Amino acid sequence: MRTVSAAAKPGRRTPPLSGALAFLLLNLPLGILGFTLITALTAAGLGTAIVWLGVPLLGLLVLLVRGAGRMERARVFALLDTYIDRPYLPLPPGRQRNRWVTRLKDSATWRDLAYFFLLFPLGLVEFVLVVAFWAVALGLVALPVYYRFLPGGAWHFPSYDVRWITVDSTVTALPWAALGVLLVALAAALTRALAAFHCEFSVALLRPTVAQRQRMERSWNAIDGMSTVTG
């Protein structure tokens with residue numbers, strides 16, 4: 001496990017392949033969900049804020065973003081084996097108004113929002129690359145098995161109508177299977193590299209910065225001895 005602090009830049013570490021693959025495949029659906037909720041709640045909230053109807057929607061957006069940020073840190077830890085410290089300022093006791101002011105002034109809230117807004121385009125690129133590399137690699141590895149079940153009992157590249165290359169026997173399929181093994185190794189390396197890049201991206205936006213950690217310490221000192229709630 002690797003723990004990320006605000007004071008030191010995390011060292012590079014290759015994530016486990018299974019966790020990296022699951023993480024990258026989940027990024028696109030989570031990115032779509034996050035992007036949809038952010039744009040919908042922001043548009044509806046700002047559009048109706050003049051009649052105060054949008055204020056609860058914007059408040060809901062803040063709570064959802066902060067909650068999703070907690071879940072994303074847990075996902076990074078579970079799948080990429082990297083722990084990211086929680087960056088949120090402690091909420092003061094007493095009136096709800098003071099707590100909401102703290103949430104809105106907390107830079108971690110807006111960094112969480114930026115992360116989930118960017119997760120969709122980044123997750124789309126990662127999903128396309130991972131699926132394309134693994135599909136081609138595994139398709140070539142399995143070619144000696146399934147070519148005989150294709151129309152005409154043969155595999156044609158690039159298409160059935162344009163036959164630059166024809167595979168119609170196990171002997172002709174074996175070189176392509178060997179190429180598929182090489183591509184599997186490349187796909188595994190690409191998967192780990194993309195996951196490591198996304199891990200660094202997550203750390204950059206979701207961890208507490210040095211300034212944020214100092215603000216957290218001052219906030220805790222200011223309310224020392226008082227009952228506090230974090231959220």
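The values are calculated or read from the model by the stated rules, or taken from the named source; none is laboratory data. Being a predicted model, the structure only gives us computed values, none of them experimental. Cβ coordinates were reconstructed from backbone atoms using ideal geometry, including for glycine residues, and neighbour counts include every protein chain displayed.
Pairs needed: first member in the stretch 169-183, free of Cβ contacts under 8 Å to residues at least 24 places away in the same chain; second member anywhere, in a helix (DSSP H, G or I); C-beta distance under 6 Å; at least 6 residues apart or different chains.
Final answer for the pair search is none.
Here's the yes/no breakdown for (1) at pLDDT 75 or above; (2) more than 24 Å from the chain's Cα centre (by Cα):
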| residue | (1), (2) |
| --- | --- |
| 163 | yes, yes |
| 169 | yes, yes |
| 181 | yes, yes |
| 197 | yes, no |
| 215 | no, yes |
| 222 | no, yes |
| 227 | no, yes |
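I need the full set of residues from the stretch 156-204 which are out of contact with any Leu (no Cβ under 6 Å at 6 or more places or on another chain) and among the aromatic types (Phe, Trp, Tyr), in order please.
If the condition is that a residue be out of contact with any Leu (no Cβ under 6 Å at 6 or more places or on another chain) and among the aromatic types (Phe, Trp, Tyr), then 157, 160, 164, 197, 201 are the ones that fit.
Is it the case, given these coordinates, that residue 204 is more than 23 Å from residue 147 (Cα to Cα), assigned to a helix (DSSP H, G or I) and in contact (Cβ under 8 Å) with a residue 60 or more places away in the chain?
no
Restricting attention to the stretch 115-163, report how many residues are in contact with a helix residue (DSSP H, G or I) (Cβ under 7 Å, 6 or more places away or on another chain) and among the acidic types (Asp, Glu).
1
Any residue in the stretch 38-48 that is within 19 Å of the chain's Cα centre (by Cα) and touching a residue at least 12 places away in the same chain (Cβ under 8 Å)?
yes
For the stretch 106-123, enumerate the residues that are of a type in the set (A, V, I, L, M, F, W, C) and surrounded by fewer than 15 Cβ atoms within 10 Å (Cβ to Cβ).
Residues of the stretch 106-123 that are of a type in the set (A, V, I, L, M, F, W, C), as a first pass: 108, 110, 113-114, 116-120, 122.
If the condition is that a residue be of a type in the set (A, V, I, L, M, F, W, C) and surrounded by fewer than 15 Cβ atoms within 10 Å (Cβ to Cβ), then 110, 114 are the ones that fit.
Which numbered condition in (1) in a loop (DSSP other than H, G, I, E, B); (2) free of Cβ contacts under 8 Å to residues at least 40 places away in the same chain; (3) surrounded by 18 or more Cβ atoms within 10 Å (Cβ to Cβ) is the only one that residue 57 fails?
All conditions are met except number (1).
Checking residue 201 against (1) modelled with pLDDT of 95 or more; (2) in contact with a Ser or Thr (Cβ under 6 Å, 6 or more places away or on another chain): exactly one of these is not met. Which one?
Single failed check for residue 201: (2).
Would you check which residues across the stretch 140-180 are surrounded by 12 or more Cβ atoms within 10 Å (Cβ to Cβ) and β-branched (Val, Ile, Thr) and list them?
Correct list: 141, 166, 167, 170, 172.
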